Every structure is written in C-alpha cells, then in structure tokens.
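What follows draws every value from the coordinates through simple rules; no lab data is involved. Note that the coordinates shown come from a computational prediction; the quantities given were computed from them, not determined experimentally. With ideal geometry, Cβ positions are generated from the backbone for all residues, glycine too; neighbour counts draw on all protein chains shown.
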Amino acid sequence: MKIPKDLMFEYLLSLENYSESHPTLKDITMKEALDAQKKIIDLGFTDKDILEMKSQELLLEYKLWRKETGQ
C-alpha cells in the first residue's frame, strides 16, 4: 500500500511553503508540515515510506497538481 497522493502532495506543499516562507512565518509553516506528516504516520506509514515514495515521477505529478489546483 502506498501513501495516498493527496496526502503526499499536502506534505510536499507544506515543506515547500516552509522553505520559501519569511522567517517570521517559519513556525506556522513548520507546524503545517508536521501536521501533514502526522496524518501520513497516523495511517500507519513511516518516515521511510515517505522517503521511498519520493521520485521524479511523483514530483512531476506534484507540479501538475499544484498547477491544476492553483496551489
């Protein structure tokens, strides 16, 4: 079983927002990233599963998802 893509995309988006955020917003965007990670872990996945799911194909799908959803 793989991590649902919508959760993985939420996680990737929150990490991207964290890396691009102004220093005064780092705490908020880090909380979003940790919340997304917790949702994935609550489904029974591990950090290893998150790392294994990352791929060039997933990143291309993520970019398309961002474009389609206006994220």
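Considering each residue of the stretch 1-13, count those that are farther than 18 Å from E68 by Cβ and crowded, with 17+ Cβ neighbours inside 10 Å, and give that number.
1
Looking only at the stretch 39-62, filter to residues that are of a type in the set (D, E, K, R) and exposed (fewer than 11 other Cβ atoms within 10 Å of the Cβ); which one of those is nearest to K5 (Cα to Cα)?
First pass over the stretch 39-62, keeping only residues of a type in the set (D, E, K, R): 39, 42, 47-49, 52, 54, 57, 61.
Adding the requirement that they be exposed (fewer than 11 other Cβ atoms within 10 Å of the Cβ) leaves 42, 47-48, 57.
Working: D42: 15, D47: 15, K48: 16, E57: 12 Å.
Residue satisfying both the conditions and the ranking: E57.
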